[in-house]
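Beneath this line is the structure, given in structure tokens, with notes to follow.
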Amino acid sequence: MASTEPPISQQEIISTYRQMNSELQSLIQQLTKAEMERNEHRLVEETLEPLDPDRRAFRLVGGVLVERTVKEVLPSVRENRVNLDTLTKHIEVKLEEKRKQTFAWKAKYNIKTQEEMEAAQKQ
């Protein structure tokens, strides 16, 4: 039994390609946001580390500013940074997979972007 795919219209091909590009952009935005949050957590961690563990520290929890000590806040900041590191790596893997899928789709159906068409005409 040969599995043959039903023919796909040109509009469906382009629509799928645009959707893949949209998903790529979404993943890039998620990655950028996660990296920014990770960097903020790293900065807070570096600021709190040299301080006296009994010194007062304030933390924003659910929109409420809560007073704690450095020794209470620092472990949760570290844990959040580690979680953000993991999230960033996960998003990077998903992004690379989606790039490969998009490139394969583009190559399979010989899709050319406007920039590629203009570059080919200049040569």
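The values are calculated or read from the model by the stated rules, or taken from the named source; none is laboratory data. On a predicted model such as this, the values are computed, not experimentally measured, just so you know. Because the Cβ atoms are built from the backbone with ideal geometry, glycine has one as well, and the counts that use them run over all protein chains shown. Please note that ligands, DNA and RNA were not included when accessible areas were found on the heavy atoms of the full protein model with its side chains. Shrake-Rupley method; radii C 1.70, N 1.55, O 1.52, S 1.80 Å.
Take Lys106 and tell me if it is open to solvent by 80 Å² or more (accessible area, probe 1.4 Å) and not in a strand (DSSP E or B). It is false that Lys106 is open to solvent by 80 Å² or more (accessible area, probe 1.4 Å) and not in a strand (DSSP E or B).
Name the single residue that is farthest from Gln29 (Cα to Cα) among those in segment 45-86 being among the aliphatic types (A, V, I, L, M) and in contact with a Leu (Cβ under 9 Å, 6 or more places away or on another chain).
Narrowing segment 45-86 to residues among the aliphatic types (A, V, I, L, M): 48, 51, 57, 60-61, 64-66, 70, 73-74, 77, 82, 84.
In the following step, the residues that additionally are in contact with a Leu (Cβ under 9 Å, 6 or more places away or on another chain) were identified as 48, 51, 57, 66, 70, 73-74, 77.
Numbers: Leu48: 29, Leu51: 34, Ala57: 31, Val66: 30, Val70: 32, Val73: 28, Leu74: 28, Val77: 23 Å.
Restricting to residues being among the aliphatic types (A, V, I, L, M) and in contact with a Leu (Cβ under 9 Å, 6 or more places away or on another chain), the top hit is Leu51.
Rundown of residues vs (1) farther than 30 Å from Tyr109 by Cβ; (2) part of a helix (DSSP H, G or I); (3) out of contact with any Ser or Thr (no Cβ under 8 Å at 6 or more places or on another chain), yes/no style:
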| residue | (1), (2), (3) |
| --- | --- |
| Leu24 | no, yes, no |
| Leu27 | no, yes, yes |
| Lys33 | yes, yes, yes |
| Glu40 | yes, yes, yes |
| Glu46 | yes, yes, yes |
| Pro53 | yes, no, no |
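Among the residues in segment 97-112, are any over 24 Å from the mean Cα position of the chain (by Cα), over 30 Å from Ser22 (Cβ atoms) and in contact (Cβ under 8 Å) with a residue 12 or more places away in the chain? Checking segment 97-112: not a single residue is over 24 Å from the mean Cα position of the chain (by Cα), over 30 Å from Ser22 (Cβ atoms) and in contact (Cβ under 8 Å) with a residue 12 or more places away in the chain.
Residue count for segment 35-78 under the criterion of being open to solvent by 70 Å² or more (accessible area, probe 1.4 Å), over 22 Å from the mean Cα position of the chain (by Cα) and in contact (Cβ under 8 Å) with a residue 24 or more places away in the chain: the result is 1.
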